[in-house]
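Right, one structure below, let's go through it.
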Amino acid sequence: KDFKSNVKNFTIFFKENNSELVAVGAKANGYSANFKIDDIVAKQQQLIEEATLTIDNLMFQDAELPNKMNWQSAMNYCENLNLVGFSDWRLPTLGELRIAYKHKSEFRNMQNDLYWSSTIDESYTCCSLSLNTGDNFSYNQDNNYLFRCVR
């Protein structure tokens, strides 16, 4: 990252590996960096596995989570989250939270408490799900509850 930010024009070196080109290094202005693409991919996969949990086609945030927030703050947090190279995070729907509830033993950072969802009910109040009982509730947006982001 520092190499790229400090150098405007640089050359990336590739080599053929099993009929595929893989990047093996970069050079510019007398500076060079060698790297193994397999190591980079393995490190990224490790970071993803430590910070998230994938269930079906959903990737849930499972890294250290923020404190309780009101609904709008939780929505904003998820929309602005950049985690393990992904920036398309959002607050989960009530249905997606039910999936998390069914798999709550697989999460490293799940508490038996209320979690915000992005779902709004017919009375325009926000829905939350108890990860203790699996029941959903409607609450005013100003209340502070836990949440986790999904993509």
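The values are calculated or read from the model by the stated rules, or taken from the named source; none is laboratory data. Quick caveat, the model's predicted, so the values are computed rather than measured. Note that we place each Cβ from the backbone using ideal geometry, even for glycine, and neighbour counts take in every protein chain shown. Heads up: the accessible areas ignore ligands, DNA and RNA and are worked out on the full protein's heavy atoms, side chains in. Shrake-Rupley method; radii C 1.70, N 1.55, O 1.52, S 1.80 Å.
Residues that are open to solvent by 60 Å² or more (accessible area, probe 1.4 Å) and within 14 Å of the chain's Cα centre (by Cα) occur in segment 88-103; there is at least one. If we keep just the residues of segment 114-151 that are charged (D, E, K, R) and touching a residue at least 24 places away in the same chain (Cβ under 8 Å), which is most open to solvent (accessible area, probe 1.4 Å)? If we take residues in segment 114-151 being charged (D, E, K, R) and touching a residue at least 24 places away in the same chain (Cβ under 8 Å), then Asp142 is most open to solvent (accessible area, probe 1.4 Å). Filtered by the rule that a residue be under 20 Å from Phe137 (Cβ atoms) and open to solvent by 30 Å² or more (accessible area, probe 1.4 Å), segment 68-87 gives Lys68, Met69, Asn70, Gln72, Ser73, Met75. Taking segment 104-113 as the range and being surrounded by fewer than 16 Cβ atoms within 10 Å (Cβ to Cβ) and in a loop (DSSP other than H, G, I, E, B) as the test, the residues that pass are Arg108, Asn109, Gln111, Asn112, Asp113.
Taken together, the residues in segment 121-140 that are of a type outside the set (A, V, I, L, M, F, W, C) and either under 27 Å from Leu53 (Cα atoms) or part of a strand (DSSP E or B) (or both) amount to 9.
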